[in-house]
Amino acid sequence: MKANSGMEKLLAKEEFVVIASIGIPRGADLKPLEEGYKLLENKVDAFYIPDNPGANVHLLGLAAAVHLQKLGGETVLELNCRDRNRIAMQSYILGAAALGVTNLLCSTGDHQTLGNFRGTKRVYDMDMVQAIQVLKGMRDEKKFSNGEEVPQPPSIFIGAEVNPFADPFEFRATLMAKKVEAGANFVQTRGVFDLERFGQWMELLRQQELHQKVPILAGIIPLVSVEQAKDLQQAPGMMLPDSIIERLESSDKPEEEGIKIAGEIIAQVKKIEGVRGVVLHADGVERLVPNLIKQGGLSSKA
Amino acid sequence: MITAVRKPLKEILEMVAPYDKILITGCGTCVTIDYSGGAKEAAILATQLRMAQRLAGKKLETLEQTVERQCEWEFVREFTDKVADCQTIISMACGAGVQTVAEAFPDKLVFPGVNTRFIGMPQKQGLWEERCICCGNCVLHLTGGLCPFARCAKTLLNGPCEGSQDGKCEVNRERECVWQQIYDRLKERGRLADLQKIFPLRDWSTGEDGGYRKTVREDMML
């Protein structure tokens, strides 16, 4: 075991892991988080906490994670390279570990000009591969990135964001291999809609036996409207087939159809060798998760 | 070359509103080549300012002078006579030139006439592209001759981010993703294995993050 992580233990037991992201408040108030928690309590293995998603200011992810853990949930906390230099990054890692947050998901981060704070200065001191490497170095070698000793190493199960839908496609397996070599213990994908492409990507990974090296968790986004689907289709790094939009358009209840589609995607990815869990992105619509778990044929955690 | 774009006329008019005799200095090097601040652009600005002031019922006299380079003392000193004859100066040079003029003539206020943009090259007529961020630690031999710092919005060194699609950048779908270009070029050269290697953390202190930079060449000093 790399860390005192419940998720690591579940994955080691070959369980199919179910994570749900939770809407992070945009105000100085934890109540909305608690409301989301109540809707998901005992239904999922862990809560995924995005890190200022969309390059917009949200409540500090670490604060949200600590609060959720107090309430009784395990968390997977995103750590992006956009907002922190190596000093802030390593300090955040120490703080997270000291407060009992054991799963960190390294990501590059949506570019700052895509959010509502366009004029901000960029950081990207380290890229994702380097961030993983630094995190592993702190944990396993007890070294900060400058070689100085870490008095008490952080016990962290290291995650990495991966995207089967980004290009250059053939390079994506190499890129994931770099993340694994750097120290990733699990990977989490962007939202899956295009199963054909996802299957091709998994095939690429299997050719390099990457699926045996780390558990792959597939991102699932329940669609609630045609507008949301169209926005996502245009969003960078996403692939959403027209057929899905057509299904939503021809439905009287797009939200129900969206859950049905997500359930079908879950059922499909679950069958793919190497996929060891799902991350349900239902931020703000946590109430949909119980039905999604049912539709996807996932076991309830209660 | 250093590339620049002329500041909007409105902004320049507001800056120099209190003055009625202005020297406009062009630079004969980079900003001449990119049509932003050479002799021709200095003359155009002078005409625009005079016309605008005349329409506003104000008097304005302009002087113009262009030198080879505004970023060197010996060229900037050529402005001495005209500087003495004006109330203020608009320098059409890049930021380095504006500061050289300001330092050479400390009793005159110097206004920038252009916004300096980047070190780059004219890709084709009317299009300039950034190529170098002066990081002070060049890696072009490792990346197929394409700079991931100047041309990747996230200055990534270990490959593309999760937003690169169809060869385009996440930030702007009109812009090429340099990591797609690096991949394609190294593939052509049969050097894709180079991209399997993990590049460690960079020392950014050789660039602007290290603070005000000076290059000292003792062998050159007199």
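For B:Val5, the test of being under 28 Å from B:Met121 (Cβ atoms), part of a strand (DSSP E or B) and among the hydrophobic types (A, V, I, L, M, F, W, C) is passed. State yes or no: is B:Ala193 surrounded by 15 or more Cβ atoms within 10 Å (Cβ to Cβ), small (Gly, Ala, Ser) and part of a helix (DSSP H, G or I)? So B:Ala193 fails the test. One residue stands out in the stretch A:57-91 among those that are out of contact with any Leu (no Cβ under 9 Å at 6 or more places or on another chain) and more than 26 Å from A:Phe117 (Cβ to Cβ): the one that is surrounded by the fewest Cβ atoms within 10 Å (Cβ to Cβ), namely A:Gly72.
If you check B:Gly190 against the conditions, is it at the interface with chain A (Cβ under 8 Å from one of its Cβ atoms) and modelled with pLDDT of 95 or more? Steps first, answer last, please.
Values: at the interface with chain A (Cβ under 8 Å from one of its Cβ atoms): no; modelled with pLDDT of 95 or more: yes.
No, not satisfied.
Looking only at the stretch B:14-43, filter to residues that are more than 20 Å from the chain's Cα centre (by Cα) and part of a helix (DSSP H, G or I); which one of those is surrounded by the most Cβ atoms within 10 Å (Cβ to Cβ)? Please lay out each step first, then the result.
Residues of the stretch B:14-43 that are more than 20 Å from the chain's Cα centre (by Cα), as a first pass: B:14-23, B:43.
Restricting the remaining residues to those that are part of a helix (DSSP H, G or I) gives B:14-16, B:43.
Values: B:Glu14: 9, B:Met15: 16, B:Val16: 22, B:Ala43: 15.
Across the stretch B:14-43, the extreme among qualifying residues is B:Val16.
Output the residue which, of all residues in the stretch A:170-216 that are touching a helix residue (DSSP H, G or I) at 6+ places or on another chain (Cβ under 8 Å) and small (Gly, Ala, Ser), is farthest from A:Gly277 (Cα to Cα). Among residues in the stretch A:170-216 that are touching a helix residue (DSSP H, G or I) at 6+ places or on another chain (Cβ under 8 Å) and small (Gly, Ala, Ser), the one farthest from A:Gly277 (Cα to Cα) is A:Ala182. Restricting B:Val110, B:Val114, B:Val98 to those that are within 12 Å of the chain's Cα centre (by Cα) and over 29 Å from B:Val178 (Cα atoms) reduces the list to B:Val98. Summed over the stretch B:159-190, the residues that are touching a Leu at 6+ places or on another chain (Cβ under 8 Å), part of a loop (DSSP other than H, G, I, E, B) and under 19 Å from A:Gln130 (Cα atoms) give a count of 2.
In the stretch A:172-291, which helices (runs of 4 or more DSSP H) lie fully inside it and hold 2 or more residues that are in contact with a Pro (Cβ under 8 Å, 6 or more places away or on another chain)?
Values: elements: A:195-207, A:210-213, A:226-234, A:242-249, A:254-271.
In the stretch A:172-291, the matching helices (runs of 4 or more DSSP H) lie at A:195-207, A:254-271.
Only one of the numbered conditions (1) within 14 Å of another protein chain (Cβ to nearest Cβ); (2) farther than 21 Å from A:Leu33 by Cα is violated by A:Leu105, and that is (2).
Listed by first and then second residue, the pairs with beta-carbon distance under 8 Å, at least 6 apart or on different chains, first residue in the stretch A:34-47 and at negative phi and aromatic (Phe, Trp, Tyr), second crowded, with 18+ Cβ neighbours inside 10 Å and part of a loop (DSSP other than H, G, I, E, B), are A:Tyr37/A:Ile22; A:Tyr37/A:Gly73; A:Phe47/A:Ile22; A:Phe47/A:Gly73; A:Phe47/A:Glu74. Within the stretch B:136-169, the set of residues being within 15 Å of A:Phe169 (Cα to Cα), crowded, with 20+ Cβ neighbours inside 10 Å and either within 7 Å of chain A (Cβ to nearest Cβ) or more than 24 Å from the chain's Cα centre (by Cα) (or both) comprises B:Gly159, B:Pro160, B:Cys161, B:Glu162, B:Gly163, B:Ser164, B:Gln165. Residue count for the stretch B:69-125 satisfying the condition of being charged (D, E, K, R) and either in a strand (DSSP E or B) or touching a residue at least 24 places away in the same chain (Cβ under 8 Å) (or both): 8. Of all residues in the stretch A:1-13, none are closer than 19 Å to A:Ala282 by Cα, in contact (Cβ under 8 Å) with a residue 60 or more places away in the chain and either over 15 Å from the mean Cα position of the chain (by Cα) or within 14 Å of chain B (Cβ to nearest Cβ) (or both).
Taken over the stretch A:147-172, the criterion of being more than 9 Å from every other protein chain (Cβ to nearest Cβ), over 21 Å from the mean Cα position of the chain (by Cα) and within 29 Å of B:Cys152 (Cα to Cα) is satisfied by A:Gly147 alone. Listed conditions (1) at the interface with chain A (Cβ under 9 Å from one of its Cβ atoms); (2) in contact with a strand residue (DSSP E or B) (Cβ under 7 Å, 6 or more places away or on another chain); (3) acidic (Asp, Glu) are all met by B:Asp184, apart from (2). Screening B:Asp209 against (1) within 14 Å of another protein chain (Cβ to nearest Cβ); (2) in a loop (DSSP other than H, G, I, E, B); (3) within 19 Å of the chain's Cα centre (by Cα); (4) charged (D, E, K, R) leaves a single unmet condition, (2).
Take the conditions surrounded by fewer than 18 Cβ atoms within 10 Å (Cβ to Cβ) and not basic (Lys, Arg) and apply them to A:Gly54. Does it pass? Spelling it out, A:Gly54 is indeed surrounded by fewer than 18 Cβ atoms within 10 Å (Cβ to Cβ) and not basic (Lys, Arg).
Hey, among A:Gly115, A:Gly100, A:Gly54, which residue is more than 26 Å from A:Val278 (Cβ to Cβ) and either more than 13 Å from chain B (Cβ to nearest Cβ) or touching a residue at least 60 places away in the same chain (Cβ under 8 Å) (or both)? Lay out the reasoning, then the answer.
On the way: A:Gly100 fails: more than 26 Å from A:Val278 (Cβ to Cβ); A:Gly54 fails: more than 26 Å from A:Val278 (Cβ to Cβ).
Exactly one residue qualifies, and that residue is A:Gly115.
So which residues in the stretch B:170-181 are more than 9 Å from chain A (Cβ to nearest Cβ) and over 16 Å from A:Phe169 (Cβ atoms), if there are any at all? Please lay out each step first, then the result.
Our first condition is that a residue be more than 9 Å from chain A (Cβ to nearest Cβ); within the stretch B:170-181, this holds for B:174-176, B:178, B:181.
B:Glu174, B:Arg175, B:Glu176, B:Val178 - these are the residues of the stretch B:170-181 that are more than 9 Å from chain A (Cβ to nearest Cβ) and over 16 Å from A:Phe169 (Cβ atoms).
For A:Lys121, the conditions (1) touching a residue at least 24 places away in the same chain (Cβ under 8 Å); (2) surrounded by fewer than 19 Cβ atoms within 10 Å (Cβ to Cβ) are fulfilled apart from (1).
From the list A:Leu77, A:Leu68, which residue is farther than 24 Å from A:Met128 by Cα, modelled with pLDDT of 95 or more and in contact with a strand residue (DSSP E or B) (Cβ under 7 Å, 6 or more places away or on another chain)?
Details: A:Leu77 fails: farther than 24 Å from A:Met128 by Cα.
Of A:Leu77, A:Leu68, the one residue that is farther than 24 Å from A:Met128 by Cα, modelled with pLDDT of 95 or more and in contact with a strand residue (DSSP E or B) (Cβ under 7 Å, 6 or more places away or on another chain) is A:Leu68.
All of (1) within 30 Å of A:Gly183 (Cβ to Cβ); (2) within 14 Å of chain B (Cβ to nearest Cβ) hold for A:Val269 with one exception: (2). Within the stretch A:12-29, restricting attention to residues that are among the hydrophobic types (A, V, I, L, M, F, W, C), outside any loop (DSSP other than H, G, I, E, B) and modelled with pLDDT of 95 or more, the residue that is nearest to A:Asn185 (Cα to Cα) is A:Val17.
The values are calculated or read from the model by the stated rules, or taken from the named source; none is laboratory data. Treat the numbers as computed from the prediction; the structure is a model and nothing was measured. No Cβ is skipped: glycine too gets one built from the backbone with ideal geometry, and neighbour counts run over all protein chains shown.
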